[in-house]
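The values are calculated or read from the model by the stated rules, or taken from the named source; none is laboratory data. Predicted model, so just to flag it, every value in this text is computed and none were measured. Just so you know, the surface numbers come from the protein's heavy atoms only, side chains and all, with ligands and any DNA or RNA stripped out. Shrake-Rupley method; radii C 1.70, N 1.55, O 1.52, S 1.80 Å.
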Amino acid sequence: MRSTAITLVALAGLLAACAASPSRVQQDIEEMKPRAAEAAKERAQSDLACIGVQTEILEHDAGDIGKAYGLSRVEYTVRAAGCGRSSIYRVACTPRSVCSAMADSGLVERQ
């Protein structure tokens, strides 16, 4: 009985250590915003055929900091505009790694 209690306490401690604190999650989200904007900008420069693209982060979705396939990720929705055209991108970022942008709808709108 005592070994079961010790095992449960150790397991609870291990799980608590693995959980990201809310302040750390928010810090990761903020640190990844510039990389998300840059990834969307690079993709939009090609899609919009425009070097002068400006980006705006519209929202982010961290869920439970996006536990998918064992990766912690945050998805950003980014609007990119330039040369009279704009498009919306979904950008997935992982902490201390790369961000990947894809067109949200594939539509390029005229401004």
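Computed quantities for the displayed model
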| read-out | value |
| --- | --- |
| Top-ranked residue in the range 69-100 [being open to solvent by less than 20 Å² (accessible area, probe 1.4 Å) and within 12 Å of the chain's Cα centre (by Cα); ranked as modelled with the lowest pLDDT] | V74 |
| Output for the range 89-111, where each listed residue is of a type outside the set (S, T, N, Q) and assigned to a strand (DSSP E or B) | Y89, R90, V91, A92, C93, C99, A101, M102, A103, E109, R110 |
| The range 71-88, subset among the hydroxyl-bearing types (S, T, Y) and assigned to a strand (DSSP E or B), residue farthest from A44 (Cα to Cα) | Y76 |
